[in-house]
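Peer 1: To start, I am sharing the structure in question, which I have written as structure tokens.
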Amino acid sequence: MFRSWSRILSLALFGALAVNSCQPESDVLARVGNRTITRGDFLMVAQALSSRYPGMPDSAKVHLLRDITDRELLVQGAMQQGMYRDTSFLDLRRRTEEQLLRQTYYDELGAGQVVVSRGEIEQLHRWRAEEAQVQVVFTLNEAAARAAADQIRRGADFGEVADRFNPAGCGVICGAAGPVRFGDSVRLAPGPAAW
């Protein structure tokens, strides 16, 4: 019985090696552990992430291949340690896939190749020449945001309402988020969701 199993395993291993060796060596760009990164893999990732690698083509290719091999090293290390079953790893994978899909979607919309006229550039500079003082109430949920808005509508001081509702450590005192120009994001400490 043991001989037949060892013979079956030997044949399976030989078959796997034969199939693996059928891949043209010129198509292989890198080997990371038991994973082979081929020209096809590279082209697929390059198409999806082309806007993230600006600059000279040769330099961009080198950076992309390095990123692909680094990613594969991280994935294989995580799998060896059993982290691929961990919810944080699965969540990271889901977010990464969503980000890749979103980036591909925007690239297909043409966001990377937008032609801008001189008049549009001048208008943007006129808008950015002005800034506004911004106040923010930063809450943990929509119900709290609605309650804060109701108090402000009834005449309560914005800064006092903001201090009452803003979570500790959000980086905003009396609701003052500071001066903001057109197109800027209001910088807040990470954490709760803004409603």
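The values are calculated or read from the model by the stated rules, or taken from the named source; none is laboratory data. Just so it is clear, the structure is predicted and the values come from calculations on it, not from any experiment. Glycine gets a Cβ as well: all are built from the backbone with ideal geometry, and neighbour counts include every protein chain shown.
Peer 1: Restricting attention to region 48-102, report how many residues are farther than 22 Å from Ala30 by Cα and β-branched (Val, Ile, Thr).
Peer 2: Final tally of qualifying residues: 2.
Peer 1: What number of residues in region 68-123 are under 17 Å from Ser51 (Cα atoms) and among the polar types (S, T, N, Q)?
Peer 2: Residues meeting the conditions: 5.
Peer 1: Go over the candidates Ser51, Ser117, Ser88 one by one and state the one that is within 14 Å of the chain's Cα centre (by Cα) and of a type in the set (Gly, Ala, Ser). Even if it seems obvious, please write down each step before you answer.
Peer 2: Working: Ser117 fails: within 14 Å of the chain's Cα centre (by Cα); Ser88 fails: within 14 Å of the chain's Cα centre (by Cα).
Result: Ser51 is the single residue among Ser51, Ser117, Ser88 that is within 14 Å of the chain's Cα centre (by Cα) and of a type in the set (Gly, Ala, Ser).
Peer 1: Can you find, within region 61-78, the residue that is surrounded by the most Cβ atoms within 10 Å (Cβ to Cβ) among those that are touching a Lys or Arg at 6+ places or on another chain (Cβ under 9 Å) and modelled with pLDDT under 85?
Peer 2: Val75
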